Structures are given as structure tokens and as C-alpha cells.
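Asker: The structure follows.
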Amino acid sequence: MRVRFTTVRGMFVVDDRTSDSVAIISDILIHPDDGVILGFFVVSLGLIPGDDLFLQTQDIVSWGTKVHVREMGVIGPFTELVRFTHFLEEKRTILGQRIETLEQRTYIGRCIDIGFETKDFHLTMLYPKKFFRLQTPIPTSKIQEVTEGAIIV
């Protein structure tokens with residue numbers, strides 16, 4: 001199923017064994033080189049202690065109107081995931097980043113949303129906005145490079 005992140009933000013995360021809602025999706029972490037979603041930052045609904053909680057995509061069992069996980073124990077502090085921390089330190093982001101063309105560095109807009117597949121968590125589309133107007137969506141296959149300053153297509 002293809003979804004856009006703006007429709008996912010605020011979605012409930014449910015423990016598949018107990019059917020309890022345990023968290024709400026608040027943000028996303030994307031690998032800038034291969035366009036794979038590494039996971040989602042979540043806000044606890046009081047059942048899980050801690051701040052900066054993170055849900056890895058590998059722990060998602062199914063996706064529908066809610067996100068189902070094997071158990072609530074798979075959600076934990078982001079600081080414990082050492083292999084992902086350097087992605088936050090890098091300045092190469094996707095959401096909110098400038099989108100420019102490769103040849104003339106023409107400004108297309110800012111990436112205000114992304115589309116992705118819930119089956120394999122690969123990005124499929126970038127949704128730019130320029131001067132309060134939505135621009136034509138760009139397939140991620142057109143991405144040449146993600147730099148600190150812009151996404152080059």
C-alpha cells in the first residue's frame with residue numbers, strides 16, 4: 001500500500017497481542033542514500049516510559065488504519081540504537097529539504113511530504129511546494145543525490 005507521510009503522522013501504533021494502542025507516530029527517519037525508511041519516532045500513550053521513542057520498520061507486523069507491532073517492547077529509546085544516531089547528526093534530510101535540478105540548479109520547491117510503500121518501506125514520491133503552491137510530485141527514481149543543501153533531481 002502506498003501512503004503519504006502527512007496521512008501517517010498521528011497514526012496509532014497498536015500492540016498486536018493485546019490490541020492496546022501504545023503510541024502515536026510523530027516523525028520519520030529516512031536513509032538519505034537509498035531512500036529506505038529506517039523507522040518512526042513515536043510519542044508514548046503512557047504505557048511506555050521515556051522520551052525520543054523509536055519504532056524500527058522491521059518490527060512492524062501490519063499496516064492499515066493503525067500500525068501493528070509484535071509487542072510494545074519493540075518500541076524503545078532512540079539513543080539505544082547506536083547504528084542510527086549518525087543519521088540525525090547528518091544534515092542530509094529529505095523532508096523540508098530544497099529540491100533542485102541537476103543541470104542548472106533550478107529551484108523546484110521544498111519537499112513538504114513523501115510517499116512510500118508500507119510493504120518494503122521504500123520512498124516512492126517527493127511532494128514539493130513552492131511559494132504556497134504544490135508542484136508536480138517527483139518520483140524518487142529521479143533523485144541523483146541528497147546533499148546537505150538540497151535534493152538534486
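Asker: Looking at the calculated P(r) for segment 92-153, what percent of the C-alpha pair distances fall above 18 Å?
Answerer: So the pairs more than 18 Å apart make up 26 percent of the total in segment 92-153.
Asker: For the chain, what value does the Rg/Rh ratio take when both radii are computed over Cα atoms and Rh is the Kirkwood radius, given to two decimals?
Answerer: Checking Rg against Rh, the ratio lands at 1.00.
Asker: Let me ask something else about it. Treat every Asp and Glu Cβ in segment 1-88 as -1 and every Lys and Arg Cβ as +1, leave all other atoms uncharged, and give the resulting dipole magnitude about the Cα centre to the nearest 20 debye.
Answerer: The dipole magnitude comes to about 320 debye.
Asker: Could you give the radius of gyration (one decimal) and Dmax (whole number) of the Cα atoms in segment 1-75, in Å?
Answerer: 11.7, 37
Asker: With +1 assigned to the C-beta of every Lys and Arg and -1 to the C-beta of every Asp and Glu, and no other charges, what is the dipole magnitude of the chain about the Cα centre in debye, to the nearest 20?
Answerer: Here the size comes out at about 760 debye.
Asker: Taking only protein heavy atoms into account and a 1.4 Å probe, give the accessible area per residue of the chain in Å².
Answerer: With all protein chains present, the chain gives 56 Å² per residue.
Asker: In whole percent, what relative contact order does the chain give with Cα contacts below 8 Å and a gap of six or more residues?
Answerer: This gives 21 percent for the chain.
Asker: Please report the carbon-and-sulfur percent of the accessible area for the chain; probe 1.4 Å, protein heavy atoms only, DNA, RNA and ligands left out.
Answerer: Answer for the chain: carbon and sulfur cover 51 percent of the accessible area.
Asker: For segment 108-114, just list the computed ³J(HN,Hα) in residue order, Karplus coefficients 6.51, -1.76 and 1.60, θ = phi - 60°, integers in Hz, with x standing in for Gly and Pro.
Answerer: 9, x, 9, 6, 9, 7, 10
Asker: Same structure, new question: Mind listing the long-range amide H neighbours of Thr147? Cut-off is under 5 Å, sequence gap 5 or more, other chains count too, H placed in the peptide plane at 1.01 Å from N.
Answerer: Ile152
Asker: Straight distance only, please: which lysines reach the Cα of Lys130 with their own Cα at less than 29 Å, same-chain residues fewer than 8 apart left out?
Answerer: Answer for Lys130, where 29 Å is the Cα cut-off: Lys91, Lys142, listed by chain and number.
Asker: Take the alpha carbon atoms of segment 1-58, find their center, do the same for segment 74-95, and report the distance between the two centers in whole angstrom.
Answerer: 13
Asker: So what's the back-of-envelope 222 nm ellipticity for the chain, counting only DSSP H runs of four-plus at -39500 (n - 2.57) apiece and dividing by all residues, rounded to 500?
Answerer: Only helices count here, giving -2000 deg cm²/dmol.
Asker: Please name which of Ile112, Leu81, Val13 has its Cα lying farthest along the dipole of segment 1-150 towards the positive end, using unit charges on Cβ (Lys, Arg +1; Asp, Glu -1) and the Cα centre as origin.
Answerer: Toward the positive end, the furthest listed residue is Ile112.
The values are calculated or read from the model by the stated rules, or taken from the named source; none is laboratory data. No experiment lies behind these values; they were computed from the predicted model shown. With ideal geometry, Cβ positions are generated from the backbone for all residues, glycine too; neighbour counts draw on all protein chains shown. These area figures cover heavy atoms from the full protein model, side chains too; ligands, DNA and RNA do not enter into them. Shrake-Rupley method; radii C 1.70, N 1.55, O 1.52, S 1.80 Å.
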